[in-house]
Amino acid sequence: MPKIQKLFGQAVRRRRERLKISQEAFASQAGVHRTYMSAIELGKVQVSIGIAFQLAQALDMPLSKLWLDVEKQLKAADET
């Protein structure tokens, strides 16, 4: 099973790219350092619920919807 932090990072990156926001601009908007944002998107760190909430707000979506995307990825990974 893929690591949850990797799936979370991928979900954040997909949404950010759909919004056509650079990683640097997004990090600034979310209130995190760009290198930390990179580590999040690469699944190298586990984020706190507070940071997850900040990211969801910067993505203009509820945190629950972001987690739904992660859960869909988990389900798809389990089916393969």
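For the condition surrounded by 13 or more Cβ atoms within 10 Å (Cβ to Cβ), at pLDDT below 95 and part of a helix (DSSP H, G or I), what is the one hit in 57, 29, 73?
73
Do you know which of the residues in the range 43-54 that are touching a helix residue (DSSP H, G or I) at 6+ places or on another chain (Cβ under 6 Å) and without any contact (Cβ under 8 Å) to a residue 40 or more places away in the chain is surrounded by the most Cβ atoms within 10 Å (Cβ to Cβ)? Residue satisfying both the conditions and the ranking: 54.
Scanning the range 33-54 for residues that are outside any helix (DSSP H, G or I) and among the small types (Gly, Ala, Ser) yields a count of 2.
Determine whether residue 14 is surrounded by fewer than 20 Cβ atoms within 10 Å (Cβ to Cβ), without any contact (Cβ under 8 Å) to a residue 12 or more places away in the chain and among the charged types (D, E, K, R). Considered against the rule, which asks whether it is surrounded by fewer than 20 Cβ atoms within 10 Å (Cβ to Cβ), without any contact (Cβ under 8 Å) to a residue 12 or more places away in the chain and among the charged types (D, E, K, R), residue 14 comes out as no.
The values are calculated or read from the model by the stated rules, or taken from the named source; none is laboratory data. Since the structure is predicted, the reported quantities are computational estimates derived from the model, not experimental observations. Heads up, the Cβs are rebuilt from the backbone with ideal geometry, glycines too, and the neighbour counts pull from every protein chain shown.
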